[in-house]
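The values are calculated or read from the model by the stated rules, or taken from the named source; none is laboratory data. In this text, all values refer to a predicted model and were calculated from it rather than measured experimentally. Here the Cβ positions follow ideal geometry from the backbone for every residue, glycine too, while neighbour counts run over all protein chains shown. Just the protein is used for accessible areas: all its heavy atoms, side chains included, with ligands, DNA and RNA removed. Shrake-Rupley method; radii C 1.70, N 1.55, O 1.52, S 1.80 Å.
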Amino acid sequence: MLLHLNGDGPLYRQVADAIREKIRSGRWPGGKRLPGTRTLARDLGVSRIVVLVAYEQLVAEGYLTTRRGSGSHVVEQVADRLERPRATPRKVRRPGPLSAYAARALSLEPQAFPPRKATVDSRAIDFSYTRTLPDERTLESWRRALSRAAARPFLDYPDPAGSERLRKLIAADLQEQRGVVGEADDVVVVNGSQQALDITARLLVSEGTSIGIEDPHYQGTRQAFLAAGATLVPCAVDGQGLDIGRHAARLRSARAVCVTPSHQFPTGGVMPVARRLELLSWARAQDAWVVEDDYESEFRHGVGAISALQGLDERGRVVYLGTFARSLFPGLRLGYVVVPPALRDHFRAIKWLADRGSSFTEQRALAELMESGAYESARRRLGRSLAHKRDALVAALRATFDERELIWSGATSGAHVFLRLRRVRARDTGRVVERAARLGVRVYSGLPYFLRAPREAILILGYATVRDADIAVGISRLGRALDEP
């Protein structure tokens, strides 16, 4: 127990004064049981007789009462009748000199995005695009696997690269599902895709390093590289993702380019093989790296699976990132990176410095799900659910809007659609979001994902957590919001 002894007078008086102050300030309420005299004496580094005398003094003053067999307690009536001192707000001191990294991280305010207003009706239909909703069967499988893993706790520090068992399973799954080429030694298990981006940024960026980034793009990518000190070069995308030929001149000094080729975030475009090969050729000629975030690529609707860019890379230029946040749930902070051999030791070293390794218990549980087939079953069930919701959303959009007022993309994969409001200016996007909220539907602005502002209003609508019956209702409300003058 922590008691501040002021150093004035005999030790027993200092102990009594410290306890009295706790009671008078209200921090020790009526009925609170005090530590035993031996325990408190040991905590304070004084003899037991000092604490005994202090307790006796407080009993005599009426602050404490002693009960045979149950120790000493604060007197109820005294604590209840004491006038509490008025709380004074703690002064917030400006910090002293901090690193440039700390200043940049705070200015980016990553924890404040995406904004969610507390004033919005909690009963509103919410087209959130940041979450998934695993079914009860998936959650029960996870609970059982986690319980078994916890029953055999791993007591040492884990391998910072991750459990070898899990890394082998990830490598095999990525080869089969995504065409990724790599062995277990190439895989590093991380705490979600955001740590993957953070470590990659620290691996590649020095102050002022030029990094190409799709525009629009995932804001977490932008923030990680800016915090590391990068100078970002925004590269506009079209319906087929990034065209490196269009931007090569501006990327002449770039050390890396960050792409989402199989499901461009947030537009949903897919980079065709010709552009992929051209990008790899550029990376080889430039001695640069390609950071591939394989965002939501496991969920395709009405089209076959599209292989990862990394599978075409014969020169080890691609850093491949993935996560279990979509296929299971975001609260499971596990992801993975397939690191080119030339970067592997450096990446592992930075991971060790960051946290000495991700939770080994959760890695064991996840490995069990993958070995048993429960993970693949859960992924397929979620894929079927998303496909059904996607069909309902596309049908509702077609029934409510025509192409003169709204066009959408990204509906062939993932768990969201990207909307361009052709008759609404970009600066009025917030007004549309507010109107929709008043009508009981939450939609989200896509403007924060651009470095160069678009001309028209942009919305992003997720559908993973929306009830099937609410999708058409929500889109109808959005239509009414756009009809308002």
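Quick notes
- Entry remark, the stretch 186-201: residues being more than 16 Å from the chain's Cα centre (by Cα) and of a type in the set (D, E, K, R) number 1 in total.
- Residue satisfying condition, being among the aliphatic types (A, V, I, L, M) and surrounded by 14 or more Cβ atoms within 10 Å (Cβ to Cβ), within set Ile49, Ile23: Ile23
- Contact map, the stretch 59-70: residues that are assigned to a helix (DSSP H, G or I) paired with residues that are at pLDDT below 85 and of a type in the set (A, V, I, L, M, F, W, C), Cβ distance under 8 Å, separation 6+ or inter-chain. No pairs are found.
- When Ala469, Ala453 are checked against the criterion of being of a type in the set (A, V, I, L, M), outside any helix (DSSP H, G or I) and open to solvent by 50 Å² or more (accessible area, probe 1.4 Å), a single residue qualifies: Ala453.
- Set Arg33, Arg42: member being among the charged types (D, E, K, R) and either open to solvent by less than 80 Å² (accessible area, probe 1.4 Å) or farther than 18 Å from Val75 by Cβ (or both): Arg42
- Residue list for the stretch 27-44, restricted to those being more than 42 Å from the chain's Cα centre (by Cα), assigned to a helix (DSSP H, G or I) and not aliphatic (A, V, I, L, M): Thr37, Arg38, Thr39, Arg42
- Counted residues, the stretch 328-348 - those being in a loop (DSSP other than H, G, I, E, B), within 29 Å of Pro134 (Cβ to Cβ) and of a type outside the set (Gly, Ala, Ser): 7
- Taking the criterion of being open to solvent by less than 60 Å² (accessible area, probe 1.4 Å) and outside any helix (DSSP H, G or I), the residues of the stretch 141-161 that qualify are Pro158, Pro160, Ala161.
- Here Leu242 passes the criteria (1) in contact with a Gly (Cβ under 6 Å, 6 or more places away or on another chain); (2) closer than 17 Å to Val291 by Cβ except the one numbered (1).
- Residues of the stretch 279-305 that are part of a loop (DSSP other than H, G, I, E, B) and either open to solvent by less than 40 Å² (accessible area, probe 1.4 Å) or of a type outside the set (A, V, I, L, M) (or both): Asp287, Ala288, Asp294, Tyr295, Glu296, Ser297, Glu298, Phe299, His301, Gly302, Gly304.
- Residue match in the stretch 349-359 (condition: small (Gly, Ala, Ser), within 22 Å of the chain's Cα centre (by Cα), at positive phi and not in a helix (DSSP H, G or I)): yes
- Checked against the criterion of being aliphatic (A, V, I, L, M), closer than 30 Å to Leu478 by Cα and open to solvent by 30 Å² or more (accessible area, probe 1.4 Å), the candidates Ala354, Ala342, Ala349, Ala399 yield just one match: Ala399.
- Just one of the listed residues (Ser128, Ser122) is open to solvent by 80 Å² or more (accessible area, probe 1.4 Å), closer than 30 Å to Val441 by Cβ, of a type in the set (Gly, Ala, Ser) and modelled with pLDDT under 95, and it is Ser122.
- Residue list for the stretch 54-74, filter: aromatic (Phe, Trp, Tyr) and farther than 13 Å from Pro35 by Cβ: Tyr63
- Candidates Arg390, Arg379, filtered to the one that is assigned to a helix (DSSP H, G or I) and open to solvent by less than 40 Å² (accessible area, probe 1.4 Å): Arg379
- Subset of the stretch 246-258 [surrounded by 17 or more Cβ atoms within 10 Å (Cβ to Cβ) and either of a type in the set (Val, Ile, Thr) or in a loop (DSSP other than H, G, I, E, B) (or both)]: Ala248, Leu251, Ala254, Arg255, Val257
- Of the residues making up the stretch 407-429, those that are within 20 Å of Gly269 (Cβ to Cβ) and either modelled with pLDDT under 90 or under 30 Å from the mean Cα position of the chain (by Cα) (or both) number 16.
- Residues of the stretch 138-166 classified as under 23 Å from Gln195 (Cβ atoms) and free of Cβ contacts under 8 Å to residues at least 24 places away in the same chain, total: 2
- Within the stretch 406-441, the residues that satisfy the criterion of being in contact with a helix residue (DSSP H, G or I) (Cβ under 7 Å, 6 or more places away or on another chain) and either open to solvent by 20 Å² or more (accessible area, probe 1.4 Å) or assigned to a helix (DSSP H, G or I) (or both) are Trp408, Val424, Ala426, Thr429, Val432, Arg435, Ala436, Leu439.
- The stretch 1-28 residues that are among the β-branched types (Val, Ile, Thr), paired with ones that are part of a loop (DSSP other than H, G, I, E, B) (beta carbon under 6 Å, 6 or more apart): Ile23/Tyr63
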